[in-house]
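Here the structure comes first, spelled out in structure tokens, and everything after it is commentary.
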Amino acid sequence: MNTCKVAVLLGSLRKDSYNKRLMLAVEKLAPPHLRFSQARIDDLPLYSQDFDADYPPNARRLKQEIEAAQALLFVTPEYNRSIPGVLKNAVDIASRPWGTNSFRGKPAAVIGASIGAVGTAIAQHHLRSSLHFLDVPTLGQPEVYLHFHDEIIAPDGTIANDATRKFLQGFVDAYVAWVERFVTK
């Protein structure tokens, strides 16, 4: 397969985010033809239909980053049993104004890590519902609801635990196969 650009939407703004660690671990496990690029979402204005006629520059930038990618990876924490507001806002901005959905048809996967026992299962369910509506074909299995603790993945994405590495490699392999079903070779 030729090089495939993957836009990553990381739903955590925290400096030492567990989900950033997970994102880096997945990137390290991926084959070299997948090129991951984290889309910037921390500077976006709150979505308002008032600017649909003339999107702010940072909102246009996000849409362009998504449109330039062939695939998507959403990495989300769970806040109050849902996705973080910053991620929902980015999804709203990139999918609007009506008729200019930048996500449409791009293969995606949703993963997440949390210190909670159920990981990010509920947040992922909420996000998948929005992605379904936005016509984003999303990998169903394997699901990655990583119960996180500091020893599992280092800040640079190095995976310390063999079982976790094997599990995440299984996800990466399935994700690559999923992307290849949609991206022209």
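The values are calculated or read from the model by the stated rules, or taken from the named source; none is laboratory data. Computed from a predicted model, the values in this text were never measured in an experiment. Cβ sites come from the backbone with ideal geometry, for glycine too, and all protein chains shown count toward neighbours. Heavy atoms of the whole protein, side chains included, go into the accessibility calculation; ligands, DNA and RNA do not. Shrake-Rupley method; radii C 1.70, N 1.55, O 1.52, S 1.80 Å.
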**Asked** Which label marks the calculated value of Cα extents along the principal axes in Å, given the options (i) 51, 40, 26; (ii) 75, 40, 28; (iii) 47, 35, 31?
**Response** (i)
**Prompt:** In the range 1-95, what percent of the accessible surface is made up of carbon and sulfur (1.4 Å probe, ligands and nucleic acids excluded)?
**Reply:** 47
**Request:** Would you please put 19-31, 166-178 in order of how densely packed they are, using the mean number of other Cβ atoms within 10 angstrom per residue and starting with the highest?
**Result:** 19-31, 166-178
**Request:** For the range 108-125, just list the computed ³J(HN,Hα) in residue order, Karplus coefficients 6.51, -1.76 and 1.60, θ = phi - 60°, integers in Hz, with x standing in for Gly and Pro.
**Result:** 9, 9, 10, 9, x, 9, 7, 6, x, 5, 9, x, 10, 4, 6, 4, 4, 4
**Request:** Find the accessible area per residue for the range 1-81; the probe is 1.4 Å, ligands and nucleic acids are left out, and the unit is Å².
**Result:** 51
**Request:** Just tell me which lysines come within less than 20 Å, Cα to Cα, of Lys63; anything on the same chain fewer than 8 places away is out.
**Result:** Lys5, Lys88, Lys106
**Request:** Compute the Kirkwood hydrodynamic radius of the range 1-68, taking the inverse of the mean of 1/r over all pairs of distinct Cα atoms, and give it in Å to one decimal.
**Result:** 13.8
**Request:** Grab the eigenvalues of the alpha-carbon gyration tensor for the range 39-142, scale each by 5, take roots, and send me the semi-axes largest first in whole angstrom.
**Result:** 24, 16, 11
**Asked** Which of the peptides 4-15, 60-71 is most tightly packed, and how do the rest follow, judged by the mean count of other Cβ atoms within 10 Å per residue?
**Response** 4-15, 60-71
**Message:** Helix-only mean residue ellipticity at 222 nm, the chain, DSSP H runs n ≥ 4 weighted -39,500 (n - 2.57), per residue, nearest 500. What is it?
**Reply:** -12000 deg cm²/dmol
**Message:** For Cα pairs less than 8 Å apart in space and 6+ apart in sequence, what is the mean separation divided by the residue count of the chain, i.e. the relative contact order in percent?
**Reply:** 26
**Item:** Net charge of Cβ neighbours under 14 Å - reference Ile41; Lys, Arg +1; Asp, Glu -1
**Value:** +3
**Fill in**
So, relative contact order of the range 71-180 in percent, Cα under 8 Å, 6 or more apart, is 27
**Asked** Ignoring ligands, DNA and RNA, what accessible area per residue does the range 89-185 give at 1.4 Å, in Å²?
**Response** 48
